[in-house]
Amino acid sequence: MDDLFLRIINREIPAKIIYEDDQVLAFHDIAPQAPVHFLVIPKKHIRTLNDLTEEDKGLAGHILFTAQRLARELGCEEGFRVVMNCNEQGGQTVYHIHMHVLGQRQMHWPPG
Ligand code: 5GP
């Protein structure tokens, strides 16, 4: 399957990139669901959360701490939400794992 986010990593399609290092890339979502809505993705191709392995533990932690730091830097001190959708029923549409970070509006629960 075509990996859209790999194409963003490789700069084959444009994105508003916020942060990059050797392991992760963060960029604004093309269809934001909140005033702040960005995605943190690993550079390593991992299709779904179910495909994470023990060897990805450090990478998973790095994604989480990158999300936390960038949320703070983008003005979400009052709160924010992180979401990882897994597979079709979980609402996943792009099959390269990504952590959504949404902020600067009131969130509600359950998410629906
Ligand atoms: P999912 O539904 O898989 O959890 O989330 C995929 C997210 O990727 C969606 O929020 C969608 O708006 C975003 N997205 C899809 N295509 C693109 C794109 O080409 N560029 C960017 N920046 N975001 C995209």
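List of remarks:
- Output for segment 19-40, where each listed residue is open to solvent by 10 Å² or more (accessible area, probe 1.4 Å), in contact with a His (Cβ under 7 Å, 6 or more places away or on another chain) and more than 8 Å from the ligand (Cβ to nearest atom): 23
- Qualifying positions in segment 41-56 - open to solvent by 70 Å² or more (accessible area, probe 1.4 Å), farther than 17 Å from residue 91 by Cα and assigned to a helix (DSSP H, G or I): 54, 55
- Where a residue in segment 95-111 is under 21 Å from residue 60 (Cβ atoms) and its partner, wherever it lies, is modelled with pLDDT under 95 and surrounded by fewer than 18 Cβ atoms within 10 Å (Cβ to Cβ), with Cβ under 6 Å and at least six apart: 95/1; 96/3
- Filter pass, residue 70 being more than 14 Å from the ligand (Cβ to nearest atom), in a helix (DSSP H, G or I), buried (at least 18 other Cβ atoms within 10 Å of the Cβ) and of a type outside the set (Gly, Ala, Ser): yes
- Applying a threshold of 6 Å to beta carbon distances and a minimum spacing of six or more residues, or different chains, the list of pairs starting in segment 3-31 at a residue that is in a strand (DSSP E or B) and ending at one that is among the basic types (Lys, Arg) and within 11 Å of the ligand (Cβ to nearest atom) reads 27/16; 28/16.
Each row is one residue, and each column tells you yes or no for (1) without any contact (Cβ under 8 Å) to a residue 12 or more places away in the chain; (2) not aromatic (Phe, Trp, Tyr).
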residue: 44; (1), (2): no, yes
residue: 47; (1), (2): no, yes
residue: 52; (1), (2): no, yes
residue: 56; (1), (2): no, yes
residue: 65; (1), (2): yes, no
residue: 69; (1), (2): yes, yes
residue: 75; (1), (2): no, yes
residue: 79; (1), (2): no, yes
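The values are calculated or read from the model by the stated rules, or taken from the named source; none is laboratory data. Everything numeric in this text was worked out from a predicted model, so none of it was measured. Cβ: placed from backbone, ideal geometry, glycine included. Neighbour counts: every protein chain shown. Surface accessibility is based on the protein's heavy atoms, side chains included, excluding ligands, DNA and RNA. Shrake-Rupley method; radii C 1.70, N 1.55, O 1.52, S 1.80 Å.
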